[in-house]
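**Student:** One structure follows; several queries about it will come next.
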Amino acid sequence: SEELKPVPFVQAVDFSKNGKYLKYLLIPVLTGVALFFINARIMKEGTLRLVQYDKEFIREAPFDFVLENEKLEATQNESIELVLALTGDEIPQEVFVTADGKRYKMVKNADGNHAFTIKNVQKDFEFGFDADGFSSKSYDFKVVAKPLMAGIAIRLDYPSYTGKASETLTN
């Protein structure tokens, strides 16, 4: 590197001799620009998967999974019903829910939605949907512990010298 220090890079490379190769560089550059204007999504999404290598990318389905449940929370020992609507051009006939590593077939309702009832939930779990080889994103269901005391009543017996009558307090 000491021997190359006196020679600047600009003088070491003769750009006038390399100019004849620019026409070969022009073809890929024009192709890239044309692709960007025709469909910018090709350029953006292709590199997105390389840059975000640790993120899970789900293959896009010709339909959308729409979870109808507003609240993903229940009290312990309750039964819950997961309701799923499918929207799009091609709607599959069978839909499955995957919860805790197990796969269950959902039942189609009269209104076209799919439903599945989980009885006696005990703990938090993660679930998702599968249909025709496509998967939805994962959802987290939170289970709140059931309270041990639903109500309490206290009877207060005051000493006779206070002159207060006995009373009962409830919550």
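Yes/no matrix, rows are residues, columns are (1) open to solvent by less than 50 Å² (accessible area, probe 1.4 Å); (2) modelled with pLDDT of 90 or more:
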site: G101; (1), (2): no, no
site: D111; (1), (2): no, no
site: K123; (1), (2): no, yes
site: E126; (1), (2): no, yes
site: F129; (1), (2): yes, yes
site: D140; (1), (2): no, yes
site: V143; (1), (2): yes, yes
site: I154; (1), (2): no, yes
site: T168; (1), (2): no, yes
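**Student:** Is it the case that T117 is modelled with pLDDT of 90 or more, exposed (fewer than 11 other Cβ atoms within 10 Å of the Cβ) and in a strand (DSSP E or B)?
**Tutor:** Spelling it out, it is not the case that T117 is modelled with pLDDT of 90 or more, exposed (fewer than 11 other Cβ atoms within 10 Å of the Cβ) and in a strand (DSSP E or B).
**Student:** Looking only at the stretch 75-89, count how many residues are of a type in the set (S, T, N, Q), closer than 26 Å to L148 by Cβ and in contact with a strand residue (DSSP E or B) (Cβ under 7 Å, 6 or more places away or on another chain).
**Tutor:** Counting residues in the stretch 75-89 that are of a type in the set (S, T, N, Q), closer than 26 Å to L148 by Cβ and in contact with a strand residue (DSSP E or B) (Cβ under 7 Å, 6 or more places away or on another chain) gives 3.
**Student:** If we scan the stretch 144-159, do we find a residue that is under 18 Å from the mean Cα position of the chain (by Cα) and part of a strand (DSSP E or B)?
**Tutor:** no
**Student:** Just for the stretch 92-109: of the residues that are among the aliphatic types (A, V, I, L, M) and under 21 Å from the mean Cα position of the chain (by Cα), which one is farthest from A61 (Cα to Cα)?
**Tutor:** A99
**Student:** Quick one: Y161 ticks every box in (1) under 28 Å from F63 (Cβ atoms); (2) open to solvent by 80 Å² or more (accessible area, probe 1.4 Å); (3) among the aromatic types (F, W, Y) bar one, so which box is it?
**Tutor:** Looking at each condition in turn, Y161 falls short on (1).
**Student:** Please specify each residue of the stretch 78-97 satisfying the condition of being more than 15 Å from V121 (Cα to Cα) and part of a strand (DSSP E or B). Walk me through how you get there before you give the answer.
**Tutor:** In the first step, residues of the stretch 78-97 are kept if they are more than 15 Å from V121 (Cα to Cα); the result is 83-97.
Across the stretch 78-97, the qualifying residues are V83, L84, A85, L86, T87, G88, F96, V97.
The values are calculated or read from the model by the stated rules, or taken from the named source; none is laboratory data. What you see is a predicted model, and the numbers here were worked out from it, not measured in a lab. Heads up, the Cβs are rebuilt from the backbone with ideal geometry, glycines too, and the neighbour counts pull from every protein chain shown. Side chains are part of the model used for accessible areas, which takes the heavy atoms of the whole protein and leaves out ligands, DNA and RNA. Shrake-Rupley method; radii C 1.70, N 1.55, O 1.52, S 1.80 Å.
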